[in-house]
Amino acid sequence: MQKITPHLWFDKEAKEAAGFYASLFPDSKVTNITALHDTPSGDCDVVSFVLSGQPFMAISAGPLFKFTPAVSFLVACSAKEEVDALWGELSAGGMALMPLGAYPFSEKYGWVQDRYGLSWQIVPTVMDEMLKDRDEKKIARVTEAFLQMKKFDIAALKRAYEGG
């Protein structure tokens, strides 16, 4: 077992969410589901799953806790097609769960909230490389460009980086 494993609390959707997430990422699968009975939250499902080799756990234990964008999972994407595919899948049925304007920053900058209320950041790997450049003018142009974006546009980021 990993020393640190993210553990996600769902109302009733742990099995469904784990299966959905595992369908989106390579090297991913649900590895175990255990039903617990007569807990303080009633009957609970505890789900172990792996996303891109990273172990996770989830529990369906009632509506006591909700996700916020204070915790999100950053997904590094190498190509536009990957950004578009993950954005499309994760945003389907999402965002509406978030009260309009409650977290306005999280509706930009590559952030997306899925149908279960979990926040993800879909970020092209090239952006990380650009922001590590020592040329402050390039960094400023890339920053100005991405601050205008909801979903990151790799071509527009490259144009900003190159000064175009």
Give the residue that is surrounded by the fewest Cβ atoms within 10 Å (Cβ to Cβ), with candidates limited to residues of the range 1-41 that are assigned to a strand (DSSP E or B) and aliphatic (A, V, I, L, M). Ala35
Filtered residue count, the range 117-138, keeping only those that are part of a helix (DSSP H, G or I) and either of a type in the set (D, E, K, R) or touching a Leu at 6+ places or on another chain (Cβ under 6 Å) (or both): 6
Filter the range 38-63 down to residues that are more than 16 Å from Ser23 (Cα to Cα) and among the polar types (S, T, N, Q) and give me whichever is modelled with the lowest pLDDT. Ser41
Return yes when Ala70 is surrounded by fewer than 17 Cβ atoms within 10 Å (Cβ to Cβ), under 12 Å from the mean Cα position of the chain (by Cα) and either among the charged types (D, E, K, R) or at pLDDT below 90 (or both) and no when it is not. yes
Taking the range 139-161 on its own, how many of its residues are in contact (Cβ under 8 Å) with a residue 24 or more places away in the chain and part of a helix (DSSP H, G or I)? 6
Does the range 77-87 include one or more residues that are outside the structural domain of Leu157 (by TED's automatic domain parsing), touching a helix residue (DSSP H, G or I) at 6+ places or on another chain (Cβ under 9 Å) and outside any loop (DSSP other than H, G, I, E, B)? no
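The values are calculated or read from the model by the stated rules, or taken from the named source; none is laboratory data. Just so we're clear, the structure is a prediction, and the values are computed from it rather than from any experiment. FYI the Cβ positions are ideal-geometry reconstructions off the backbone, even for glycines, and counts take in every protein chain you see.
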